[in-house]
1. I'd like the full set of residues that are loosely packed, with under 10 Cβ neighbours inside 10 Å and of a type in the set (A, V, I, L, M), limited to region 70-83.
2. Among (1) modelled with pLDDT under 90; (2) part of a helix (DSSP H, G or I), where does VAL34 come up short?
Amino acid sequence: MEFMDILSRWSGPIQLVSVALFGVAFLWLRSQFVSRSEFLDAAKAIGERATAQSERLTRGDAKFDLLAQKFETIPSRQQLTELALGLERVTGEIRVQGAQLAGAMQIMERVEASVTRHETIFSDAARR
């Protein structure tokens, strides 16, 4: 019974100390966690960043799809090789035609020289 007597005699101070310790523990725990308004603000900010990131990813997907479509239309290595060979053939044909036209150009120059000479003769005769 001695314990019960001590407990009943000191119950007030024990209760006071236990309430004070509980209050200190509660305040310490409260300092370790954020308030509801801070939590909601942080959650809203995170949600906005997630939405912005989602929009950027959507735009990136659209750009990627556009690039994929453009790459599909780019000619293959084989097609580019065939094109280069075709251009080389055309260039060769143009050179051949240029050589053929050189002879025709010489004939045209002689005809033009003859016509010019005749024009000069007629214009001189018309002046006299």
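1. If we filter region 70-83 for residues that are loosely packed, with under 10 Cβ neighbours inside 10 Å, which is where we start, we get 70-74, 76-78.
Within region 70-83, just ILE74 meets the criteria.
2. (2)
The values are calculated or read from the model by the stated rules, or taken from the named source; none is laboratory data. Since this is a predicted model, take the numbers as computed values, not measurements. All Cβ positions, glycine included, derive from the backbone under ideal geometry; neighbour counts span all protein chains shown.
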